[in-house]
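Read-outs: derived from the displayed coordinates by stated rules, not from any lab. Predicted, not measured: the structure shown is a model, and the values here were computed from it. Virtual Cβ from ideal backbone geometry, glycine too; neighbours counted across all protein chains shown.
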Amino acid sequence: MSVSWSLKHGTQIPSAPKISGSKMIDPVSALAAVQSAVALIKKASKTVDDVASLGPMIGKYFEAKHTATAAVAQAKRKGGSSMGKAIEIELALKAQRDFEQELQNLFFSTNNMDVWQSIKKRASDMDAANAEQMQKDAVAEARRKRREQELNEIILGVGIAIVAGIFLAWAAYEAITFCSAAVCGR
């Protein structure tokens, strides 16, 4: 089986909605993409002899899972019912854990335990690299904000100094003008 399995059987490999920037996506549609990927993998796994053929679909599942997790987290930050969000998150996470256990069993039953372990190791390594990159990005963003704040303070200080200088120059001019007309200090 290959990616063409989905075309032969009239089923498309689902793709998760994309999250770009601060654009909010609907967690329900993101979770639906995950469920669609799960259903497709379950259907395809019954007709294949080699789990390697499921690779593209499994990849789409994990992509959809990542997008759904991000969408739920984004929705949670936005606010709303805490109980509703908690139920939604926990049910989705349980369904994903159950499916991943089924997926692991599929690899084990076809004597591909080493492949599953390699997949888990690679995913763990990639998660660690992503976490490290996110930390570096957060440090860089904090540094950028600090520099921007310092620049704003410098601009404000220079502006105040210029205004004070203009005021002092005007006061000196007025004092000199007044003293020359009134003959001060003689």
What's the total number of residues in region 40-52 that are in contact with a helix residue (DSSP H, G or I) (Cβ under 7 Å, 6 or more places away or on another chain), touching a residue at least 40 places away in the same chain (Cβ under 8 Å) and either of a type in the set (K, R) or not in a loop (DSSP other than H, G, I, E, B) (or both)? 4
Selection from region 30-39 of residues touching a residue at least 40 places away in the same chain (Cβ under 8 Å) and surrounded by fewer than 21 Cβ atoms within 10 Å (Cβ to Cβ) yields Q35
